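**Q** Structure in structure tokens, see below.
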Ligand SMILES: [Zn+2]
């Protein structure tokens, strides 16, 4: 399955730099209790920089992680930020949605 490669686009400003990661998109999955878990993943484009105000340091290098939930396996990418700020998963999903122009979607 996936690779660890990261697509980076260098813009004129640091804030234009993005990276592409594979994340789990729970909103694309069937509702809780409606059947067996079928984890949905997708590629998402997010900023390559920490979103914390007045930080802006580079996010950590993504690495692949095999996960298992209710017997269903899936592969996503996770990263640890060198600056020490922890990216909240829901916030990353939301950031990707806004960049994709899909608008805000409720995340449970
Ligand atoms: Zn930070």
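All of the numbers you see were taken from the coordinates with simple rules; none came from a lab. All figures in this text were calculated on a predicted structure; none of them were measured in a lab. Every residue, glycine as well, gets a Cβ built from its backbone with ideal geometry; the counts of neighbours run over all protein chains shown.
**Q** Taking 7 Å along the Cα-to-C-beta vector as the label spot, tell me the residue 45-residue 65 distance in nanometres, rounded to one decimal.
**A** 2.5
**Q** Please state the relative contact order of segment 8-100 as a whole percent: Cα pairs under 8 Å, 6+ residues apart?
**A** Numbers: 152 pairs, mean separation 23.7, N = 93.
Relative contact order of segment 8-100: 25 percent.
**Q** Moving to a separate point now. What number, in nm² with one decimal, is the all-direction average of the projected area of the convex hull of the alpha-carbon atoms of segment 8-100?
**A** Working: hull surface 26.0 nm².
The number I arrive at for segment 8-100 is 6.5 nm².
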